[in-house]
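What follows draws every value from the coordinates through simple rules; no lab data is involved. A quick note: this is a predicted structure, and the numbers were derived from the prediction, not measured. Glycine also receives a Cβ, built like all others from the backbone with ideal geometry; neighbour counts cover every protein chain displayed.
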Amino acid sequence: MIKRRLRKFFTFILFVAFVASIFLYPQWYKTQINKCRGMYYVAQGDKYLRKADFQKAIDLYKLGLDYYPGHYGAWLNLGNIYVAYEDFYSALDAYEKAIHYNKNYVIARMNYGIISAEKLGDFDAAIAQYKEIAGIRRKLVYIPFVFSNLRSYKTNMGLAYYNMGLAYRQKSIYSDGDIMKQSYYLHEAIKSYEEAVKYLKKDYDARYNLALTYHLNKDYNMAGLEYCRAIEMEPMNYEAHYNLAILLKDMKKYKEAYEEMEKANTLIGSKDGGSGKQTYVFDVMSDVTQRVLLDDEGREFVKQKAMEEGPDLNLESHITYVNGKVVATEELDKAILKNFSTCKARSVFYDDENPVDEIK
């Protein structure tokens, strides 16, 4: 009996305290009610976003944010919808709001940087966001077989440095012929890409762009080595083969250039048929061939290549014939992949007797 009375007494006291708190802190309760309303409308906006009903999603997100402006996820989604509509300035405003409410919101900062650089040409604004991402230090959590944020952290850091490299390289292009500025921006791009490949160890694009930036900066030794590393990562991608061939041509290493250009041509032809790219590669290859033919050794080299009718794949032992036709086999695929992934020109960049730094 006494316990029941005590229970009722304490319930009454809690009710009185609750009512009193409403009168004492009305603004806090109003904020919480508005927050609940805002989250409801944002959830409805998410539903219409999944249906790709963008205008309805925009209306609901705006209504939700009127009640709960601190919902940074809604600001991010609103920004993404504006990008779909190519309203880039509104998108940046939305991303900026998301960042205001969450300083460490990596996705919003990344999107802000990409739109600033690629759509509006504001490279400085983009670089500022990428530097902010690089400065974020998250607490790493690892629970075996359950959860780890190490991979996402490394990916975000790598992408921030990769995008920073792109922005600096673009700045070098638009440096109005100022050699000093161009050199500075290229060096900053190289530093960014070097950081990127530390985090994105198996990423072809990061490695290829590092090589390309070295190439633009006329650091032929590092460019060649990085092109070779990119080729080893994705041997069936023609860009690294082609750029390496151009580099070797500029270094007057015509036989090595011929082999890489031949691989590039084979890869382009297998994908695009008689495309303009293939025609251009043929033109460059013709020029390289003419230069190789200037000496007896070169003429013999071209003659041998002509007899091979394509890249030296060394495939005869791997080819299987059925009714006189070549049949694709796993061994054949491996042999082709091995050939295209082998960067025979690598030794050129370790040649101490003819250091590439001396090449103008």
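In order along the range 252-259, the Karplus-derived 3J(HN,Hα) couplings, from 6.51 cos²θ - 1.76 cosθ + 1.60 at θ = phi - 60°, round to 6, 9, 6, 5, 5, 4, 4, 5 Hz, and Gly and Pro are given as x.
A simple rule links phi to the HN-Hα coupling: the Karplus curve 6.51 cos²θ - 1.76 cosθ + 1.60 with θ = phi - 60°, which for the range 69-78 gives x, x, 7, 5, x, 5, 4, 4, 4, 4 Hz, with x for Gly and Pro.
Rounded to whole numbers, the Karplus 3J(HN,Hα) couplings from phi for the range 217-229 are 7, 6, 9, 5, 4, 5, 4, x, 5, 6, 4, 4, 5 Hz, using 6.51 cos²θ - 1.76 cosθ + 1.60 with θ = phi - 60°, and x at Gly and Pro. The number of Lys pairs in the range 50-198 with C-alpha atoms less than 19 Å apart, excluding pairs fewer than 8 positions apart on the same chain, is 18. Assuming R0 = 51 Å, can you tell me the calculated FRET efficiency for the pair GLU86 and GLU232, based on Cβ-Cβ distance, to the nearest 0.05? In this case the efficiency is close to 0.85.
Packing, as the average of other Cβ atoms within 10 Å across residues, places the peptides 83-94, 100-111 in the order 100-111, 83-94, highest first. Each peptide in 238-251, 196-209 gets a packing score, the mean of other Cβ atoms within 10 Å over its residues, and the list from highest to lowest is 238-251, 196-209.
Each peptide in 164-177, 37-50 receives the mean, over its residues, of other Cβ atoms within 10 Å, and ordering these scores from highest gives 164-177, 37-50.
Could you tell me the center-to-center distance, by alpha carbons, between the range 80-135 and the range 205-266 in angstrom? The range 80-135 and the range 205-266 have Cα centres separated by 33 Å.
For the range 103-239, the square roots of the Cα gyration tensor eigenvalues, ordered a ≥ b ≥ c, give a/c of at least 1.5 with a/b no greater than b/c, which places it in the oblate category. With a sphere of radius 10 Å drawn around the Cβ of TYR208, what net charge do the other residues whose Cβ falls strictly inside it have (Lys, Arg +1; Asp, Glu -1)? Every neighbour counted, the sum reads -3. Over all other residues within a Cβ to Cβ distance under 9 Å of MET233, the charged ones net out to 0, with Lys and Arg as +1 and Asp and Glu as -1.
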